[in-house]
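**Student:** Attaching a single structure in structure tokens format; questions to follow.
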Amino acid sequence: MERVNEDGSTFLQEGDTVTDRSVTAEQLGGFLIAVFEEWVRRDVGRVFVRHFDAALANWAGAPPGSCVSSETCGQALALEHNGDLYSCDHYVEPRNLLGNIRQTHMIELVASDRQRRFGQAKLESLPRYCWECEVRFACHGGCPKNRFVETLDGEPGLNYLCAGYKMFFKHVDPPMRMMADLLRQGQAPAEIMTDYTGADRCRGIQFDRAGRNEPCPCGSGLKFKRCHGRSNALAGQPGQPQNRSGS
């Protein structure tokens with residue numbers, strides 16, 4: 001995602017316009033969901049995706065290990081070859097220059113009040129829309145560099161990617177709860193793949209037996225002929241298994 005400044009440049013994180021080559025929020029959400037559906041069936045415990053790992057940590061009440069998914073930030077500083085230290089690798093800009101480690105010890109710069117305020121601002125600058133959001137615990141407003149759009153009631157500070165994040169986090173809520181429960185029980189989250197395999201097999205049988213005018217087994221509320229019964233929809237995503245823990 002790339003922002004365009006008023007003068008047409010992309011050097012600074014300013015303005016509320018993005019380039020044509022930038023991803024939309026909905027495109028990001030769809031992409032994350034598509035990758036997750038592959039991952040949760042085949043790769044849990046074998047392929048580690050930072051965004052999924054951070055999400056699971058938030059569902060399990062553990063530190064997410066990613067500043068984007070954390071309540072506050074300020075620990076991912078950027079050091080240039082000449083010794084200049086910036087508040088964040090997403091903010092290598094003049095106004096976020098903390099100093100130069102050849103002149104001031106790095107520890108002093110990292111522990112400065114200025115850097116502390118930078119990290120705390122991620123939490124304190126959230127609009128009310130975010131505070132009232134049901135998936136804030138998993139999102140925390142995303143990276144501050146992307147918070148340049150307004151909420152529906154005109155409050156500034158909403159993340160440009162908000163709609164995509166909400167799509168993704170709402171979609172993965174059931175499997176994330178399942179994996180978090182497995183962790184609490186001392187079991188591997190990879191056990192979820194067995195549940196998905198069984199549910200997919202059962203759903204496939206239901207698809208084979210469904211009548212054209214019956215409700216689609218995927219739970220969409222549509223008739224089978226207008227959902228997975230369509231020839232161009234047979235490759236769609238099967239539904240998710242029920243949470244065996246009951247939560």
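**Student:** Across the chain, how many lysine pairs, 8 or more positions apart or on different chains, have C-alpha atoms separated by under 27 Å? Please give the number.
**Tutor:** The result is 8.
**Student:** Follow-up. Give me the percent relative contact order of the chain, please, defined on Cα pairs under 8 angstrom at least 6 residues apart.
**Tutor:** Normalised by residue count, the contact order of the chain is 18 percent.
**Student:** Classify the stretch 17-66: rounded, prolate or oblate, from the alpha-carbon gyration tensor (a ≥ b ≥ c, eigenvalue square roots; a/c under 1.5 rounded; otherwise prolate if a/b is larger than b/c)?
**Tutor:** oblate
**Student:** Per residue, how much accessible area does the chain have with a 1.4 Å probe, in Å²?
**Tutor:** Solvent-accessible surface per residue comes out at 57 Å².
**Student:** By what distance, in whole Å, do the Cα atoms of the stretch 89-165 stretch along each of the three principal axes, largest value first?
**Tutor:** Result for the stretch 89-165: principal-axis Cα extents of 46, 21, 19 Å.
**Student:** Over the chain, what percent of the accessible surface lies on carbon and sulfur atoms, probe 1.4 Å?
**Tutor:** Carbon and sulfur atoms account for 51 percent of the accessible area of the chain.
**Student:** Here's another thing I want to ask about it. Kindly provide the helix-only [θ] at 222 nm of the chain, computed as the sum of -39,500 (n - 2.57) over DSSP H runs of four or more divided by all residues, to the nearest 500 deg cm²/dmol?
**Tutor:** -11500 deg cm²/dmol
The values are calculated or read from the model by the stated rules, or taken from the named source; none is laboratory data. These figures come from a predicted structure and were not determined experimentally. For the accessible areas, the whole protein counts, side chains as well, though only heavy atoms, and no ligand, DNA or RNA atoms are used. Shrake-Rupley method; radii C 1.70, N 1.55, O 1.52, S 1.80 Å.
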